[in-house]
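This report concerns only the one structure given below.
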Amino acid sequence: MTTNSKPSTGRVDLYQSVTDAIIAELELGLKPWKRPWKTTGAGFPLRHNGQPYRGINTLVLWMTMTAKGYTSPYFMTYRQAASLGAQVRKGEKATTVTYSDTIRRKAEQPDGTEEERSIWFLKSYAVFNAGQIDGLPGQYHPTQQPAMASIEHIAHADAFIAHTQADIRLGGERAFYRKRRGSSRGRVAL
C-alpha cells in the first residue's frame, strides 16, 4: 500500500484549514455564512486601522467571533498591538487570516528581451481579537448598545395575540416554536 503523503514542510495548508473550519461548523448544524439569531454585536471584522476584512477572512473571523463570543470587531497582529502600547494576553490563540495579491516581475527571455509577468501569491498571518489584548485604547472596545426604544403597541394586534393564549417568552439566543406535549397550544420564544 502506498500513500501520497507529502513531506512535512512545517507550513499550514491555508485552504485546508479554512475548509476544515467551515466543515466543522456545518457538522454542528450551523451555516457560517448566515447571520446567527443573536450576535456578539461586533458587526463586520475590522483591521486595527478600521478597514474591514474582505473575502474568506470575513467568514473566518465571523466564525471566530461567534465561537469565542468576542464583542469587539477589531483584529490585529501581535506587532500591531505592541505598536499601540498593548499586550496580547499569555496563552491566547491567534486566528489565521490570508492576504493574496500579485507582484510584477521582469524576467529575461532566452532571446535577451525582458518580459514582465504577474506572479500571484498567498500569505497568511496570525491576528488576535481586541478582546484578547490588554491595554488597547478604548476605541477598540465596543460601547454598550443603546437600549431598544420601547415598541409602540398596536391594540388590536395585542388583542389578537392574547386571544391565541400562546405562551410567549422574550429572551434567549434563538426564536422557535415548541408544541406542548398533550396540548394543541405551543410556546413561542423570541
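Tabulated values for the structure
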read-out	value
Single residue of Ala107, Ala81 found to be touching a residue at least 40 places away in the same chain (Cβ under 8 Å), more than 16 Å from the chain's Cα centre (by Cα) and open to solvent by less than 50 Å² (accessible area, probe 1.4 Å)	Ala81
Top-ranked residue in the range 110-135 [being small (Gly, Ala, Ser) and within 26 Å of the chain's Cα centre (by Cα); ranked as farthest from Leu84 (Cα to Cα)]	Ser124
Pairs where the first residue, in the range 59-75, is within 13 Å of His141 (Cβ to Cβ) and open to solvent by 40 Å² or more (accessible area, probe 1.4 Å) and the second is of a type in the set (A, V, I, L, M) and part of a loop (DSSP other than H, G, I, E, B), C-beta under 6 Å, 6+ apart	Thr71/Ala42
Qualifying strands (runs of 3 or more DSSP E) (wholly inside the range 119-190; at least 1 residues being open to solvent by less than 80 Å² (accessible area, probe 1.4 Å) and at pLDDT below 70)	176-179, 186-189
Residues of the range 25-58 that turn out to be farther than 19 Å from Asp101 by Cβ, modelled with pLDDT of 90 or more and exposed (fewer than 12 other Cβ atoms within 10 Å of the Cβ), as a count	1
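The values are calculated or read from the model by the stated rules, or taken from the named source; none is laboratory data. Note that the coordinates shown come from a computational prediction; the quantities given were computed from them, not determined experimentally. All Cβ positions, even for glycine, are placed from backbone atoms using ideal geometry, and neighbour counts span all protein chains on display. SASA here: full protein model, heavy atoms, side chains in, ligands and nucleic acids out. Shrake-Rupley method; radii C 1.70, N 1.55, O 1.52, S 1.80 Å.
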